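Student: Structure in structure tokens, see below.
The values are calculated or read from the model by the stated rules, or taken from the named source; none is laboratory data. Being a predicted model, the structure only gives us computed values, none of them experimental. All Cβ positions, even for glycine, are placed from backbone atoms using ideal geometry, and neighbour counts span all protein chains on display. Just the protein is used for accessible areas: all its heavy atoms, side chains included, with ligands, DNA and RNA removed. Shrake-Rupley method; radii C 1.70, N 1.55, O 1.52, S 1.80 Å.
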Amino acid sequence: MNIPYTDSLFLGIFRILLWVLFLYILKRLIFKGERSRNQVKAMGNLWAFYGSIVLVLIFILVQINSYDLFTCLLLLLLFFCFRLVGFNRLAFNWRMWERRRKSVLIRVIENVEDKDSIVEVSEGSNKERFGVKPGFYIAVGVCVIAVTVRFYLMQFDSFQLSVSWFEELSLINDISNQSWFNNQLTLAGEAAFMNFYALITGISKEMALESFGLFQAFLLCFVIFWFVDAMTNSLVTIPLIAALAFALFFNLAPINIPQISHNKSTFMAFTFFLPAMIFIRKPWKLYQAQPKAYFFGMLMLFLAIGLIDFFTYFFLLVPYFVLAAVFLRKKYRKYFWQAISAYAISIAVIMSYYLLACYRNDVDFWVFFRSNLLSVSATTTTDNLLFSYSYLILSFQVISLVSVVVMAVLFSKKSVKWASPLMFIIYVNGLILLSRLDLGFFDIDLFNEVLPIFIACSIGLAFYIIYYFFNTGVRHIEIPDKLSAPLLFMGFIAGAFYSQQTLFTRVNQNDNILSKDILEAYQKIHDGFIPYGFAVINANTMQPMSRGSHNFISYEDFVETYPQRDSVYFANKEDKEFLRQNTEYIIPNSLLVFVYDSVPSEFAGKVPIDESLLQRVDGQLKAFESNGRTVRLFFDKGDLKVYEIVNNPSQAKLSELL
């Protein structure tokens, strides 16, 4: 297994979880109130609400050239405080302010006199205050399994340093440069999340791009667990079945095996789309005790989906609205119309923005719109399937038909309980039929990307019928979660391994190894050197990896123009006035030269490298060394070596400066 930057991959996920833990402890320490009875439900709701707000906030800040980590955190903190206080209480009232100020001062004086603490902390034992129910641990456990499996399969991933990889890295860099509308004419929502992920965790953008697929799998698996919980009110067993099916089984739908750990905009959109489906059908899950917050919450959700993925935004949301209208309960009609209004407003906002952006950048709007309904980079194959694609779809639809018939009978007796599962099964099968019509505007590959999510949730709902009859039949049979959860974990892991042995026992490819070695070298450089205190010498294709971090010199410039620049600099190194007037001759404190011993043909297809040019680079390195310049080996692994040419000693590395 060759994934050399393992620590960097998991560092981002670990730091995100530390942020969540910190906020949870802060909330339980300072704010009074009973702890949530269902932490999975609470965390799922928080992600849907605050996750969508984060994306909309980044979008707004980029438009006004104000996007950075400090601004985002400050605005989120203010919003969080206002949310706790209540927006309806923000209107300033001088008399009320005076009364509150005096009461606070009196309370502080009384506490000082009585030798009590000035700041009140919520009362209760640590167990009551910080206790977490087993269902939450189980949900996190299945998410960890999803990440672990994809991490293992990452060694076979060919996404690194591909054309798509560089395009996505360019999108992430554009967000840092306050640019949302890009030359690639693609939606930037997912790139904005990756950029924020890199900022808040302190990892490089390259590592954020590499590890975001793992974080995405963790997040989506948790949302699936939450979604099935909300659909069925089963706290552990049924949600666990659905989450494990998504986490472990890659042979139930067509997927692109070589890019199995690659982040996907459809997956990111589904972390908001699944909550939106629940909140449309069950609005009380969102507004809880604040009905007025429903419209705002739905507006943020729809804006987030629209900023990430048009396929989900138009082709998946609209049919769900139509079907939801059929199963609409009378008492929730006003919320349904609020959801439709929020969706219509979000469309108006997003389309208006892109119309204006296309006009200002002289781009055909319809070309931009159609290109984002389809995807060139999204490809799926049927090589991984347990059965043929047609047989798999037929089997799924037969099981769905049986489930629909049974659910329809149960719906006639308990409509409230069975409406949501019945509607979801009908909805998924309707989409499958739509995909079989071979419509030109409906991207089959994008639908196949999200099909594993639909199938996993449908498997959980099908098992829910069996689970229901076991618990309500003539003979009541109930298996405690402490027993059922370990059995399900072991059963699914064993089934996944034995049914997918070819997937887990493949041989790694040399081009994948070299790509990962290059990324490891860049990560080591990022950790050890001062930004813009050095320059990297590499192939032209690698230039995007230097944006926003350090200087870049191509192989051609290094052998043709750099030697003259170098000689002029050292001839006038002590002449500060000359260098001030001729800044083009100032050279980096260190040069890091990438040298490839051999280049596999597959890798050369992604990163063209001229062998004769490499020989000239090697000759230039020897020339610098023979002239007395310090040239030392900085990185050596496999077919890759990185040499450091020291121009100004003790000026480029953090450790040397310290």
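Student: Using a 7 Å offset from the Cα along the Cα-to-Cβ direction at both Leu105 and Cys81, what is the distance between the two label points in nm, to one decimal?
Tutor: The two pseudo-label positions are separated by 2.1 nm.
Student: I would also like to ask the following. What nm distance separates the two modelled labels at Leu74 and Leu439, each placed 7 Å from Cα along Cα→Cβ?
Tutor: 4.7
Student: For the chain, what does the helix formula give at 222 nm: sum of -39500 (n - 2.57) over DSSP H segments with n ≥ 4, over the residue count, nearest 500 deg cm²/dmol?
Tutor: -21000 deg cm²/dmol
Student: Another question about this same structure. What order, most packed first, do the peptides 341-352, 67-78 have when packing is the mean number of other Cβ atoms within 10 Å of each residue?
Tutor: 341-352, 67-78
Student: Starting at the first residue of segment 240-257, write each ³J(HN,Hα) from the Karplus equation 6.51 cos²θ - 1.76 cosθ + 1.60 with θ = phi - 60°, in whole Hz, x for Gly and Pro.
Tutor: Ordered by residue, 3J(HN,Hα) equals 5, 4, 5, 5, 5, 4, 6, 5, 10, 9, 10, 10, 9, 7, x, 9, 9, 4 Hz.
Student: Return one number: the angle in degrees, 0 to 90 and rounded to the nearest 10, between the long axis of the Cα atoms of helix 94-113 and the longest principal axis of the Cα atoms of the chain.
Tutor: 80
Student: Same structure again: How much length, in nm to one decimal, is gained on full extension between Val163 and Phe22, taken as 0.36 nm per residue of separation minus their Cα-Cα distance?
Tutor: The Val163-Phe22 span can extend by a further 46.9 nm.
Student: Let me ask something else about it. With every protein chain left in place and a probe of 1.4 Å, what is the accessible surface of Thr232, to the nearest 10 Å²?
Tutor: Accessible area, nearest 10 Å²: 10 Å².
Student: Answer rounded, prolate or oblate for segment 513-656, using the Cα gyration tensor with square roots of eigenvalues a ≥ b ≥ c: rounded when a/c is under 1.5, else prolate when a/b is larger than b/c, else oblate.
Tutor: Taking the square roots of the gyration eigenvalues as a ≥ b ≥ c, segment 513-656 is prolate.
Student: Something else about it: Where in the chain lies the longest segment free of GluC sites (Glu not before Pro) that are both loop residues by DSSP (not H, G, I, E, B) and have at most 12 other Cβ atoms within 10 Å?
Tutor: 124-477
Student: Under 8 Å for C-alpha pairs, at least 6 residues apart: give me the relative contact order for segment 344-502, rounded to a whole percent.
Tutor: Over segment 344-502, the number comes to 23 percent.
Student: Around Glu168, with a cut-off of 12 angstrom between Cβ atoms, what is the net charge of the other residues, counting Lys and Arg +1 and Asp and Glu -1?
Tutor: Taking every other residue near Glu168 into account, the sum is -3.
Student: Just how far, in whole angstrom, is segment 142-180 from segment 418-450 if you go by their alpha carbon centroids?
Tutor: 27
Student: Residue separation times 0.36 nm, minus the C-alpha to C-alpha distance between Ile530 and Gln63: what's the value?
Tutor: 165.2 nm
Student: Cα axis of helix 333-360 to longest principal axis of the chain: angle in degrees, 0 to 90, nearest 10?
Tutor: On a 0 to 90 degree scale, this one is about 20.
Student: Leaving ligands, DNA and RNA out of it, work out the accessible area of Phe470 with a 1.4 Å probe and give it in Å² to the nearest 10.
Tutor: Approximately 110 Å² for this residue.
Student: Can you pull out the trypsin sites (Lys or Arg not before Pro) in segment 268-376 whose DSSP state is coil and whose Cβ has at most 14 other Cβ atoms within 10 Å?
Tutor: Those that pass, being in a loop and sparsely packed, are Lys292, Arg329.
Student: Is the shape of segment 434-494 best called rounded, prolate or oblate, per the rule: a/c under 1.5 gives rounded, else a/b larger than b/c gives prolate, else oblate, with a ≥ b ≥ c the square roots of the Cα gyration tensor eigenvalues?
Tutor: Oblate is the answer for segment 434-494, as a/c is 1.5 or above yet b/c matches or exceeds a/b.
Student: Follow-up question, since we're still on this one. So if R0 is 22 Å, what FRET efficiency would Asn648 and Glu560 give, r being the distance between their Cβ atoms, rounded to the nearest 0.05?
Tutor: Efficiency at R0 = 22 Å is approximately 0.45.
Student: Pairs to check: Lys282/Lys413; Lys102/Lys292; Lys205/Lys524; Lys331/Lys417; Lys292/Lys330. Give those whose C-alpha atoms are more than 24 Å from each other in this structure.
Tutor: Violating the 24 Å Cα-Cα cut-off are Lys102/Lys292.
Student: Now, a different point. Quick one: length gained pulling Leu355 to Ile493 fully straight, 0.36 nm per residue minus the C-alpha distance?
Tutor: 44.8 nm
Student: Something else: State, as an integer percentage, the relative contact order of segment 192-254 based on alpha-carbon contacts under 8 Å between residues 6 or more apart.
Tutor: Relative contact order here is 22 percent.
Student: If each of Leu483 and Thr541 carries a label point 7 Å out from its Cα toward its Cβ, how far apart are those two points in nm?
Tutor: It works out to 5.8 nm between the two label points.
Student: Using a cut-off of 14 Å between beta-carbons, work out the net charge of the residues near Ser549 (Lys and Arg +1, Asp and Glu -1, Ser549 not included).
Tutor: Result for the neighbourhood of Ser549: +1.
Student: What number in nm² do you get for segment 236-303 if you take the convex hull of its Cα atoms and divide its surface by four?
Tutor: 6.2
Student: Something else about it: Around Ile432, under 15 Å between beta carbons, what's the net of Lys plus Arg minus Asp minus Glu among the other residues?
Tutor: Combined, the nearby Lys, Arg, Asp and Glu give -3.
Student: For the chain, just list the percent of Cα-Cα distances falling in each 10 Å bin from zero outward, please.
Tutor: 3, 13, 22, 23, 18, 11, 7, 2, 0, 0
Student: Cα centroids of segment 267-310 and segment 199-246: how far apart, whole angstrom?
Tutor: Segment 267-310 and segment 199-246 have Cα centres spaced 17 Å from each other.
Student: If I compute solvent accessible area with a 1.4 Å probe over the protein chains, what percent of it on the chain is carbon and sulfur?
Tutor: Carbon and sulfur: 61 percent of the exposed surface of the chain.
Student: Separate question: Express the relative contact order of the chain as a whole percentage, based on alpha carbon pairs under 8 Å and six or more residues apart in sequence.
Tutor: Relative contact order here is 15 percent.
Student: Something else about it: Taking a ≥ b ≥ c as the square roots of the Cα gyration tensor eigenvalues, with a/c under 1.5 meaning rounded and otherwise prolate when a/b beats b/c, else oblate, which class fits segment 121-248?
Tutor: Prolate, because a/c is 1.5 or more and a/b exceeds b/c.
Student: Amide H neighbours of Val536 under 5 Å, at least 5 residues apart or on other chains, H built in the peptide plane: list them.
Tutor: Amide H neighbours of Val536: Asn551, Phe552, Ile553, Leu592.
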